[in-house]
Amino acid sequence: MGTETKSNSYTGQISTSGGNPKVMKDSLSLVRQSVKQQSQSNPLQNHWNSNSHSYPNEIENENEHNTRDIRPKQEDKSTKEAIVPFVPIFVEEADVIQGAKELLKVIRPTWDLSHVEFKSFTDGITNQLVGCFHKESTEKLSDANGGSYLPIKTQGLSPVQSEDPVIIEKDEDEGENADEDETVDGFADGAPVQYSDNVVLVRIYGNKTDLLIDRKAETQNFLLLHTYGLAPSLYATFKNGLVYEYVPGNTLNTDSVLCPEIWPLVARRMAEMHRKVKKHGDGTGEAVKPLPMIWTKTQSFLDLVPERFSDAEKHKRVKGTFLPIGRLREEFNKLYEYLVALDSPIVFSHNDLLLGNVIYTKSLNTVNFIDYEYADLNFQAFDIGNHFAEMCGVDEVDYTRYPKRDFQLQWLRVYLEEYLQRSHIQNEEVERLYVQVNQFALASHIFWTVWSLLQAEHSTIDFDYVGYAFLRYNEYLARKEEFLSLTAEQNNK
């Protein structure tokens, strides 16, 4: 839900106004100094075995069937550290356009700001987003087919090490088995293709969102997914935000997400991420596996919900249902104990795949996911169930839009074909995942309920977070008995 877009992600207000951001001017010149990237030998841990038992006949070596995968290495290999450039600027929420200008002076020093068009995307409910379009270079961009992709390389940006730099190790041998002249899944010559180096997005974090989000982990996830061709380029970070690559296209809505030309792309893309992405510290070879995101984040959020809200009217609205917060914690803990027993695989998940976080590019017939604030290891069924719940909308939530059983079964079959890398999917496998997904959708409702309560206390964005908390929790209560009574055996009958 931590998203900057919920409808057409490239519909915004053009503006050139704004005040001055807080800038550490003495430090800006450091960003343009070259800092040599260091190399070290340290093999990546690339295997996750916790899901090997979950589906019968699963392919043991999926790389034999897909040479595009980033292959785990068994022997010692050289890795290099990619340091994310850091710009020591703090952008005020009320002055985002001017803040974007100051950032461009550093990361795009050759741009003439008089030729830059700024679009402020105002329909987010957590962060703010500004698109910066260099007009001399973007005249070829077309909105007719969801935008044009310009496969050009990114100009080098000299990084500066912050006090706590974000580093990700990248295998120098990645892509060595791919055809040298072939472009597959956004990769060319072993590196992700850039859509356009002349358009950048600036995302400014919402007030107090650092209470909810580990920003260093978010940046690491961004880089990790980029190495797999599953995320755009990250150009830089600054004190309260990110600067990254523009992905042309349109965000999904409650109608387009059901289109037969689009939903299979989403199912396959999610399955690809679940199947391919391996994260450091995923518990491979360790006796104790890491706790899934849905447990750690929900407990963390529950700890932060105040017993008395600072706004008296909000406190009056929430106290009867949600306070004391211990009651909601007990409800979640009981549900979690039940869900763990379902034995859903632990995979690297997006965890916030609402419609505004899916970009559809018609001209290429592709989808891309954006916004990785909550990406982490989690139950496979949660990621899917959360996406199904988000098909009902955010601004205008209508839970009668929750996908029907027949649609879900089609979606899940396409997903499993990609995830398991085989065309013959047994009905029992689909039914089993169907049960898991709908029961984990209940956890999604509780998670975003607690998230909404925190936002209601801290966010400065004009959105009825208390109302949204009630929407999610009421849907949880309405569906709880129905979903928990589902069994694969019953459905097969």
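The values are calculated or read from the model by the stated rules, or taken from the named source; none is laboratory data. Owing to the predicted nature of the structure, the values given are computational and were not obtained by experimental measurement. Every residue, glycine among them, receives a Cβ derived from its backbone with ideal geometry; neighbour counts consider all protein chains shown. Accessible surface is based on the protein model in full, side chains and every heavy atom, while ligands, DNA and RNA are left aside. Shrake-Rupley method; radii C 1.70, N 1.55, O 1.52, S 1.80 Å.
In segment 449-471, the residues that are touching a residue at least 24 places away in the same chain (Cβ under 8 Å) reach residues that are open to solvent by 20 Å² or more (accessible area, probe 1.4 Å) and among the charged types (D, E, K, R) with C-beta atoms within less than 7 angstrom, at least six apart or across chains, in these pairs: Ala456/Lys314; His458/Lys208; Thr460/Glu93; Val466/Lys314; Val466/Arg317. Of the residues making up segment 84-114, those that are among the acidic types (Asp, Glu) and within 12 Å of Cys132 (Cβ to Cβ) number 1.
Per-residue answers, yes or no, for (1) outside any strand (DSSP E or B); (2) closer than 27 Å to Leu234 by Cα; (3) at pLDDT below 95:
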| site | (1), (2), (3) |
| --- | --- |
| Asp371 | yes, yes, yes |
| Asn378 | no, yes, no |
| Phe407 | yes, no, no |
| Arg413 | yes, no, no |
| Ile425 | yes, no, no |
| Tyr434 | yes, no, no |
| Leu454 | yes, no, no |
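Restricting attention to segment 294-314, the residues that are in a helix (DSSP H, G or I) and basic (Lys, Arg) add up to 2. For segment 452-478, filtered to residues that are out of contact with any Phe, Trp or Tyr (no Cβ under 8 Å at 6 or more places or on another chain) and open to solvent by less than 70 Å² (accessible area, probe 1.4 Å), the residue that is nearest to Ser344 (Cα to Cα) is Tyr476.
Could you please let me know if Thr449 is open to solvent by 40 Å² or more (accessible area, probe 1.4 Å), more than 21 Å from Ile346 (Cα to Cα) and in a helix (DSSP H, G or I)?
Numbers: open to solvent by 40 Å² or more (accessible area, probe 1.4 Å): no; more than 21 Å from Ile346 (Cα to Cα): yes; in a helix (DSSP H, G or I): yes.
Criteria not met by Thr449.
Has segment 390-399 got at least one residue that is within 27 Å of Lys316 (Cβ to Cβ), assigned to a helix (DSSP H, G or I) and not charged (D, E, K, R)? Scanning segment 390-399, I find at least one residue that is within 27 Å of Lys316 (Cβ to Cβ), assigned to a helix (DSSP H, G or I) and not charged (D, E, K, R), so the answer is yes. Tallying residues that are open to solvent by less than 10 Å² (accessible area, probe 1.4 Å) and either free of Cβ contacts under 8 Å to residues at least 12 places away in the same chain or among the aliphatic types (A, V, I, L, M) (or both) within segment 404-424 yields 3. Quick one: in segment 217-269, which of the residues that are in a loop (DSSP other than H, G, I, E, B) and of a type in the set (D, E, K, R) is nearest to Trp411 (Cα to Cα)? In this case the residue turns out to be Glu261.
Do the conditions hold for Lys278, that is, is it closer than 26 Å to Leu230 by Cβ, basic (Lys, Arg) and either crowded, with 21+ Cβ neighbours inside 10 Å or without any contact (Cβ under 8 Å) to a residue 24 or more places away in the chain (or both)?
Values: closer than 26 Å to Leu230 by Cβ: yes; basic (Lys, Arg): yes; either crowded, with 21+ Cβ neighbours inside 10 Å or without any contact (Cβ under 8 Å) to a residue 24 or more places away in the chain (or both): no.
No; evaluated as a whole, the condition is false for this residue.
When restricted to residues that are surrounded by fewer than 16 Cβ atoms within 10 Å (Cβ to Cβ) and in a helix (DSSP H, G or I), segment 200-216 contains 3. Residue count for segment 245-270 satisfying the condition of being within 15 Å of the chain's Cα centre (by Cα) and surrounded by fewer than 22 Cβ atoms within 10 Å (Cβ to Cβ): 3.
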